[in-house]
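As structure tokens, the structure follows; a few thoughts come after it.
The values are calculated or read from the model by the stated rules, or taken from the named source; none is laboratory data. Quantities reported herein were computed from a predicted structural model and do not represent experimental measurements. Quick reminder, even Gly has a Cβ in these numbers, built from the backbone with ideal geometry, and neighbours come from all protein chains shown. The area values use the complete protein model at the heavy-atom level, side chains included, leaving out ligands, DNA and RNA. Shrake-Rupley method; radii C 1.70, N 1.55, O 1.52, S 1.80 Å.
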Amino acid sequence: MTTFNKDFMPQQGDYHKLLVYRKAECIYDITYHFAHKYLEKDDRTVDQMVQAASSGKQNIAEGSQAATASRETEIKLYNVAKASLQELLADYEDYLRVRDMELWPKNSPKAVQTRQVCRAHADSAYYRERVKTRSAETTANIAIILIHQTDYLMARLIEAAKQRFLTQGGIREEMTRARLKYRNGLK
């Protein structure tokens with residue numbers, strides 16, 4: 001009877017549980033609301049912003065799932081997610097700048113308070129409800145703060161994936177270890 005080797009290609013965790021994924025989902029929901037409420041319907045920026053927010057979220061999910069078979073793909077997809085969120089950050093900053101709205105200074109009372117709230121909440125329903133009554137300027141600044149927080153988490157996620165690759169190797173190395181272990185009767 002063949003036994004299943006649990007050490008070989010262990011399934012990765014549920015990406016829904018990753019704080020970085022939940023934050024990216026919040027960013028997507030805020031962006032969807034923002035783009036459809038504050039931008040003109042025919043403005044190409046609507047699609048651009050929603051796509052960048054979606055790409056950030058989706059590439060975290062895809063990278064997490066790809067980790068089982070390819071750590072290289074995992075790292076690449078996490079970097080795509082990070083880059084997509086940086087693109088979105090630039091869109092929000094552009095929105096504020098060209099409309100002469102305030103980008104809250106990092107240590108302003110509004111920014112400090114919002115950072116604390118954003119650190120405490122990773123539930124997209126929380127943000128969906130609150131942005132309904134906020135101005136474009138406030139909503140953009142909330143999104144910017146969440147993007148910065150998520151960028152920090154992305155950097156940590158990428159670094160952890162790189163460390164796993166360095167310490168455990170890639171799929172070929174795992175396959176070789178599993179095969180040798182099996183051949184040596186260590187099933």
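Are there any pairs with C-beta distances below 6 angstrom linking a residue in region 151-168 that is within 15 Å of Lys76 (Cα to Cα) to a residue that is of a type in the set (Lys, Arg), with the two at least 6 apart or on different chains, and if so which?
Listed by first residue and then by second, the contacts come to Met154/Lys82; Phe165/Arg71.
Which number in (1) surrounded by fewer than 19 Cβ atoms within 10 Å (Cβ to Cβ); (2) modelled with pLDDT under 90 marks the one condition that Ala67 misses?
Going through (1) surrounded by fewer than 19 Cβ atoms within 10 Å (Cβ to Cβ); (2) modelled with pLDDT under 90 one by one, Ala67 breaks only (1).
Quick one: in region 35-64, of everything that is of a type outside the set (Lys, Arg) and not in a helix (DSSP H, G or I), which residue is surrounded by the most Cβ atoms within 10 Å (Cβ to Cβ)?
The initial filter retains those residues of region 35-64 that are of a type outside the set (Lys, Arg), namely 35-36, 38-40, 42-43, 45-56, 58-64.
If we keep only those that are not in a helix (DSSP H, G or I) as well, we get 39-40, 42-43.
Working: Leu39: 19, Glu40: 8, Asp42: 6, Asp43: 12.
Only one residue tops the list, namely Leu39.
Just a yes or no: is a residue in region 73-81 modelled with pLDDT under 90 and either surrounded by 14 or more Cβ atoms within 10 Å (Cβ to Cβ) or assigned to a loop (DSSP other than H, G, I, E, B) (or both)?
Of all residues in region 73-81, those modelled with pLDDT under 90 come to 73.
Those still in the list that are either surrounded by 14 or more Cβ atoms within 10 Å (Cβ to Cβ) or assigned to a loop (DSSP other than H, G, I, E, B) (or both) too: 73.
Checked region 73-81: at least one residue is modelled with pLDDT under 90 and either surrounded by 14 or more Cβ atoms within 10 Å (Cβ to Cβ) or assigned to a loop (DSSP other than H, G, I, E, B) (or both).
Could you tell me whether region 94-104 includes any residue that is under 17 Å from the mean Cα position of the chain (by Cα) and open to solvent by less than 50 Å² (accessible area, probe 1.4 Å)? Working first, answer last.
Within region 94-104, the first condition is being under 17 Å from the mean Cα position of the chain (by Cα), and the residues that meet it are none.
Taking every residue of region 94-104 in turn, none turns out to be under 17 Å from the mean Cα position of the chain (by Cα) and open to solvent by less than 50 Å² (accessible area, probe 1.4 Å).
For region 105-149, how many residues meet the condition of being closer than 20 Å to Lys23 by Cα, assigned to a loop (DSSP other than H, G, I, E, B), free of Cβ contacts under 8 Å to residues at least 24 places away in the same chain and open to solvent by less than 100 Å² (accessible area, probe 1.4 Å)?
1
Within region 82-93, restricting attention to residues that are under 17 Å from Tyr152 (Cα atoms) and without any contact (Cβ under 8 Å) to a residue 60 or more places away in the chain, which residue is least open to solvent (accessible area, probe 1.4 Å)? Please lay out each step first, then the result.
As a first pass, look at region 82-93 and keep what is under 17 Å from Tyr152 (Cα atoms): 82-90.
Now drop any that are not without any contact (Cβ under 8 Å) to a residue 60 or more places away in the chain, which leaves 83-84, 87, 90.
Working: Ala83: 59, Ser84: 13, Glu87: 86, Ala90: 40 Å².
It comes out as Ser84.
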